[in-house]
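Just below is one structure, and these are the notes that go with it.
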Amino acid sequence: MEAKEILNISVDCVVFGYDINTKQLNVLLIKRFLESKDTKEILVDDYVLTGFHVYENETLDESASRVLKELTGLTNIYQKQFKAFGSPDRLLNEKDLIWIKNRKFSARTITIAYYFLLKTDSVDIKNNKYQAKWFPVEELPELGFDHKEIILEAHEDLKTKCLSEPIIFELLPDKFTINDVQDLYISILGIEIDNRNFRRKLINKKYIIPLDEKQVGVSKKPAQLYMFSKDVYEKMFQKNYLISI
């Protein structure tokens, strides 16, 4: 039996990805394009978050996971539901109304927003049927619906969350340097961080494990590599900040 959509309830997914080479926090967006069948006039040409209607036979979390898998092919990725968006005028922009009429869903749709954390290189965007593209969170293109607001609120939630839980390690390789961690915090928080103070605090965390390895393939002096131990963290966990900046 084919799953039935709930036409006025959707999920929208903010997919954050960190590029360790450019040191940028990015968001994965998909192309929204529509042209007139008769005149070939371009009616809609912008970007949106990936999202879809909730099916009657699934939970909200299942809907979000399904949407992410369809876009990226990935499962078991860190996800957080952070807010519902239900303003009566959230989809009433002229281009949005054209899109809604074409896709035949309700202009009074309430969306439940999630964000996901992953590494940019874990997604194959070259062969993506949705024309997905990474954009730095500080350099967003023209967006449809209220998706700019959703992205900005997701970013604010991520800023708060990354100071109380070790979720940033979802965005880093399994093996990383102290500078990699610092660069990621700077990218997320948009602030300068004292290098010496940060390094001292981080290497004193028992769940940051030094490895008997150093960087390879770098032109400068190779740095010490570390890994994050989730097992050690969970055994030690207390409700305080992971790193005080």
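The values are calculated or read from the model by the stated rules, or taken from the named source; none is laboratory data. These numbers were taken from a predicted model, which means no experiment stands behind them. Note that we place each Cβ from the backbone using ideal geometry, even for glycine, and neighbour counts take in every protein chain shown.
Structure summary
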item: Residue within the stretch 92-99 that is assigned by TED's automatic domain parsing to the domain that holds His155 and in contact with a helix residue (DSSP H, G or I) (Cβ under 6 Å, 6 or more places away or on another chain) present; result: no
item: Residue match in the stretch 15-32 (condition: under 26 Å from Ile98 (Cα atoms), of a type outside the set (A, V, I, L, M), out of contact with any Asp or Glu (no Cβ under 7 Å at 6 or more places or on another chain) and not in a strand (DSSP E or B)); result: no
item: Residue match in the stretch 219-231 (condition: crowded, with 19+ Cβ neighbours inside 10 Å, over 24 Å from Gln79 (Cβ atoms) and free of Cβ contacts under 8 Å to residues at least 60 places away in the same chain); result: yes
item: Given (1) surrounded by 21 or more Cβ atoms within 10 Å (Cβ to Cβ); (2) of a type in the set (A, V, I, L, M); (3) touching a Leu at 6+ places or on another chain (Cβ under 9 Å), number of the condition Ala64 does not satisfy; result: (3)
item: Criterion violated by Lys23 - all others in (1) surrounded by fewer than 18 Cβ atoms within 10 Å (Cβ to Cβ); (2) touching a helix residue (DSSP H, G or I) at 6+ places or on another chain (Cβ under 6 Å); (3) within 17 Å of Pro141 (Cβ to Cβ) satisfied; result: (3)
item: Extreme residue, surrounded by the most Cβ atoms within 10 Å (Cβ to Cβ), among residues of the stretch 1-19 that are at pLDDT below 95 and not polar (S, T, N, Q); result: Ile6
item: Hey, Asn8 touching a residue at least 12 places away in the same chain (Cβ under 8 Å) and in contact with a strand residue (DSSP E or B) (Cβ under 7 Å, 6 or more places away or on another chain) or not; result: yes
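Every residue, every condition in (1) in contact with a Gly (Cβ under 8 Å, 6 or more places away or on another chain); (2) surrounded by fewer than 17 Cβ atoms within 10 Å (Cβ to Cβ); (3) in the same structural domain as Leu28 (by TED's automatic domain parsing), yes or no:
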residue	(1), (2), (3)
Pro141	no, yes, yes
Gly144	no, no, yes
Tyr185	no, no, no
Arg200	no, yes, no
Lys205	no, no, no
Ile208	no, no, no
